[in-house]
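Take a look at the structure below.
The values are calculated or read from the model by the stated rules, or taken from the named source; none is laboratory data. Predicted model, so just to flag it, every value in this text is computed and none were measured. Backbone-built Cβ (ideal geometry, glycine too); neighbour counts: all protein chains shown. For the accessible areas, the whole protein counts, side chains as well, though only heavy atoms, and no ligand, DNA or RNA atoms are used. Shrake-Rupley method; radii C 1.70, N 1.55, O 1.52, S 1.80 Å.
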Amino acid sequence: MSDKRTDYISWDEYFMGVAMMSAMRSKDPGTQVGACIVSPDNRILSMGYNGFPNGCSDEDFPWKREGAPLENKYFYTTHSELNAILNYRGTVSLEGAKIYVTLFPCNECAKAIIQAGIKTVVYADDKYAKTDSVIASKMMLKAAGVEIIKYKNTDRSITLTL
């Protein structure tokens, strides 16, 4: 019989926690989304959050949701999933990887996930499930054989003192 701890967090809790911490880096006042890409052997490959591309100052571009197309955030921001894929600097392919996301991917991110070879999406929230973007996303992910898993919240409270 082992005397190791038994209250350690699961891999899913760990990686979704990393995605949630990544979301906290987003400066978007409305929606903060994080992503964590993991290898088949449970190694973190990359992380991302929603925000503006490198070199585009978050002081110079709009953060609001409404307004004319050039006056709201949607033409300028990069989603967490795409950022995580673009941030990956490894030498091996993302083929077979798993991505943990705090919000179900939109259709544009689904395309990037499929093209990158990621085979599993674990998501925490699906608040836009009825939108055309997410409906299309689910159709493409399923057609491409990407497994979709709803994260099972454990209600575990983790406190970090920084």
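Structure above, values below:
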| read-out | value |
| --- | --- |
| Filter result for the condition that a residue is among the β-branched types (V, I, T) and either open to solvent by less than 20 Å² (accessible area, probe 1.4 Å) or touching a strand residue (DSSP E or B) at 6+ places or on another chain (Cβ under 9 Å) (or both), over I149, I114 | I149 |
| Of all residues making up the stretch 79-95, the number that are part of a loop (DSSP other than H, G, I, E, B) and either open to solvent by less than 30 Å² (accessible area, probe 1.4 Å) or closer than 14 Å to A23 by Cα (or both) | 2 |
| Search result, residues across the stretch 43-52 that are part of a loop (DSSP other than H, G, I, E, B) and open to solvent by less than 80 Å² (accessible area, probe 1.4 Å) | N50, F52 |
| Lone qualifier among G67, G55, G30 - being over 27 Å from E147 (Cα atoms), surrounded by fewer than 17 Cβ atoms within 10 Å (Cβ to Cβ) and touching a Phe, Trp or Tyr at 6+ places or on another chain (Cβ under 8 Å) | G30 |
| Selected residue (only one of D155, D126 is of a type in the set (D, E, K, R) and farther than 18 Å from N50 by Cβ) | D155 |
| Subset tally (residues that are of a type in the set (S, T, Y) and assigned to a helix (DSSP H, G or I)) for the stretch 19-42 | 1 |
| Which numbered condition P62 fails, given (1) more than 21 Å from M20 (Cα to Cα); (2) open to solvent by less than 50 Å² (accessible area, probe 1.4 Å); (3) not in a loop (DSSP other than H, G, I, E, B) | (3) |
| Residue under evaluation D132, criteria (1) exposed (fewer than 13 other Cβ atoms within 10 Å of the Cβ); (2) closer than 18 Å to D28 by Cα, criterion not met | (2) |
| Within the stretch 119-129, considering residues that are open to solvent by less than 100 Å² (accessible area, probe 1.4 Å), in contact (Cβ under 8 Å) with a residue 24 or more places away in the chain and more than 20 Å from S39 (Cβ to Cβ), the one nearest to the chain's Cα centre (by Cα) | A124 |
